[in-house]
1. Could you give every pair whose Cβ atoms fall below 6 Å, whose first residue belongs to the range 160-181 and is without any contact (Cβ under 8 Å) to a residue 40 or more places away in the chain and closer than 18 Å to R101 by Cβ, and whose second residue is surrounded by fewer than 16 Cβ atoms within 10 Å (Cβ to Cβ) and among the hydroxyl-bearing types (S, T, Y), counting only separations of at least 6 or pairs across chains?
2. Quick check on the range 145-181: of everything there that is open to solvent by less than 40 Å² (accessible area, probe 1.4 Å) and not in a strand (DSSP E or B), which residue is farthest from E91 (Cα to Cα)?
3. Among the residues of the range 61-97, which ones are of a type in the set (G, A, S) and open to solvent by 10 Å² or more (accessible area, probe 1.4 Å)?
4. Consider D169 carefully, then state whether it is at pLDDT below 95, among the acidic types (D, E) and within 21 Å of G34 (Cβ to Cβ).
5. For the range 99-144, name all the residues that are of a type in the set (A, V, I, L, M, F, W, C), modelled with pLDDT of 80 or more and either surrounded by fewer than 14 Cβ atoms within 10 Å (Cβ to Cβ) or not in a strand (DSSP E or B) (or both).
Amino acid sequence: MKKIALFAGMAAAAVALPTAAQAQQAEPFVGVSGGYHDLGADDVDDEFDIDVEDSSAILGIFAGADFAAGSNVFVGVEGNYHFGFSAIDSEYGASARLGFRDAGGAKYYVRGGYQWVDLDVAELTGVDEDIIDDLDIDDTGGDYLVGLGAEFPIGGASLRVNLDTIAFDTVRATTGVAFNF
């Protein structure tokens with residue numbers, strides 16, 4: 001249900017962006033990103049002597065818009081969805097951005113929001129998928145996200161890098177390409 005609500009919100013934002021862009025001088029963007037998310041479950045390895053594979057490569061999309069809040073300052077909103085390749089099935093969330101633009105057009109920002117992570121418990125723990133299904137484990141959790149990022153213009157696109165944490169328990173590094181319109 002959370003995924004449906006997030007996608008509905010992102011779709012509504014995508015429809016509203018062109019109107020908002022004309023009224024508020026918005027800078028809308030969409031893009032693709034990939035990276036690595038470490039879930040920080042090393043304590044389980046040490047405490048229970050269980051081999052936990054707690055990291056996953058991720059690949060996904062993002063969309064949002066930035067709004068000028070001064071000569072070099074901007075605020076923005078962004079949504080994201082990523083697929084995982086091992087310990088993470090998928091993750092999705094939304095965040096607000098606050099930053100500044102330098103004379104060359106590069107953007108540097110901090111961000112905060114909320115991120116949900118849907119785990120692949122069988123991959124994470126090494127326990128058979130059938131056993132996990134029988135236990136009916138809730139494998140999706142969410143918490144606040146904080147991070148830092150930068151975007152560097154390349155023609156009509158931007159190369160971007162982000163370093164985020166979810167509740168200061170995980171570390172997620174991503175890089176991507178944003179297409180501005």
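The values are calculated or read from the model by the stated rules, or taken from the named source; none is laboratory data. The structure presented is a predicted model; accordingly, all values stated were derived computationally and were not measured. Note that each Cβ is placed from the backbone with ideal geometry, even for glycine, and that neighbours are counted across all protein chains shown. Side chains included, ligands, DNA and RNA excluded: accessible areas come from the protein's heavy atoms. Shrake-Rupley method; radii C 1.70, N 1.55, O 1.52, S 1.80 Å.
1. V161/T175
2. The residue in question is A167.
3. Once the filter is applied, which keeps residues that are of a type in the set (G, A, S) and open to solvent by 10 Å² or more (accessible area, probe 1.4 Å), the range 61-97 yields A63, A68, A69, G70, S71, G84, S86, A94, S95, A96.
4. no
5. Across the range 99-144, the qualifying residues are A103, A106, V110.
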